[in-house]
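The values are calculated or read from the model by the stated rules, or taken from the named source; none is laboratory data. Please read all numbers here as calculations on a predicted model, not as lab measurements. Quick reminder, even Gly has a Cβ in these numbers, built from the backbone with ideal geometry, and neighbours come from all protein chains shown.
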Amino acid sequence: MKPYFKVVVAILALTTGLAANSQAVSSQNVEQKNFLLTQAQVKAEPVAVSVALPELADVSLKGGKSVSGRVTAIDPSGQTLSMQRSGKTLPVPLKQVEKVVFRNGATVYRSNGHQIIRGERDRPQGQQVVWNSLPLATITIKNANQGLAVVNLGPPVVSPERLRGIKSVARDRQYVVDEMQFDLQQKTMSIRATPY
């Protein structure tokens, strides 16, 4: 019986050793796969999303005052918002801006040049989205006369999954900006937009 017992003990020891080694190799593979997945997420590129600014905006200023006109530029380095009123350009310091609300009935241009009149004949083609904590340099106004701008969205501010959804909506619809707010302490902004 002694030789039989030694064989059983040897088989059990061998099986236990193989199982432990297999588990160690498996956990290394999982760790490597998770590492590669993490690397892929970090390398996600920003996406330039076309947005439209309606031609008329109401800018609420701190202290209760407000001004209205067309938003023509946002300068992150000079921290100013430029507006056009009666043919004149009015620079507004971002530190004075409470929020910018774009009027519902104002004309909007799609990136293809076609007009949208929100609320009258054109209805939203999706849910309003909010993009928070965007760096101030995220938005660039490309054509001030038509209010055409580009917002560069990407991780970590917008997750890769959410970015895929935004890209699919932007493929056949135009994001129209409803509202903007600025946080100069964080050097960020938030944008509310609705696809049309």
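Counting only strands (runs of 3 or more DSSP E) that sit completely within region 45-94, those holding 3 or more residues that are buried (at least 16 other Cβ atoms within 10 Å of the Cβ) and among the polar types (S, T, N, Q) correspond to 80-85. Among the residues of this structure, Lys95 counts as one that is at pLDDT 50 or above, assigned by TED's automatic domain parsing to the domain that holds Ser159, charged (D, E, K, R) and within 17 Å of Met189 (Cα to Cα). Taking region 150-196 as the range and being touching a Gly at 6+ places or on another chain (Cβ under 8 Å) and of a type in the set (Lys, Arg) as the test, only Arg173 passes. Between Val130, Val92, the distinction of being among the β-branched types (Val, Ile, Thr) and under 23 Å from the mean Cα position of the chain (by Cα) belongs to Val130 only. The numbered conditions (1) free of Cβ contacts under 8 Å to residues at least 40 places away in the same chain; (2) over 16 Å from Ala48 (Cβ atoms) are all true for Arg162 except (2).
Of all residues in region 62-87, those satisfying the criterion of being farther than 24 Å from Val129 by Cα and aliphatic (A, V, I, L, M) are Val67, Met83. Within region 168-196, being over 10 Å from Val51 (Cα atoms), hydroxyl-bearing (Ser, Thr, Tyr) and part of a strand (DSSP E or B) holds for Thr188, Ser190. Criterion first (surrounded by 14 or more Cβ atoms within 10 Å (Cβ to Cβ), at pLDDT 90 or above and either polar (S, T, N, Q) or part of a helix (DSSP H, G or I) (or both)) does Asn152 satisfy it? It is true that Asn152 is surrounded by 14 or more Cβ atoms within 10 Å (Cβ to Cβ), at pLDDT 90 or above and either polar (S, T, N, Q) or part of a helix (DSSP H, G or I) (or both). Residues of region 58-89 that are of a type in the set (Gly, Ala, Ser), under 22 Å from the mean Cα position of the chain (by Cα) and under 27 Å from Pro195 (Cβ atoms): Ala73 alone.
Among the residues of region 171-182, just one is free of Cβ contacts under 8 Å to residues at least 12 places away in the same chain and among the acidic types (Asp, Glu), namely Asp172. Might you let me know whether region 122-142 holds any residue that is more than 20 Å from Ala73 (Cα to Cα), of a type outside the set (Val, Ile, Thr) and crowded, with 17+ Cβ neighbours inside 10 Å? The answer is no; no qualifying residue exists.
Only one entry of Arg162, Arg173 meets the criterion of being farther than 25 Å from Lys62 by Cβ and surrounded by 15 or more Cβ atoms within 10 Å (Cβ to Cβ), and that entry is Arg173.
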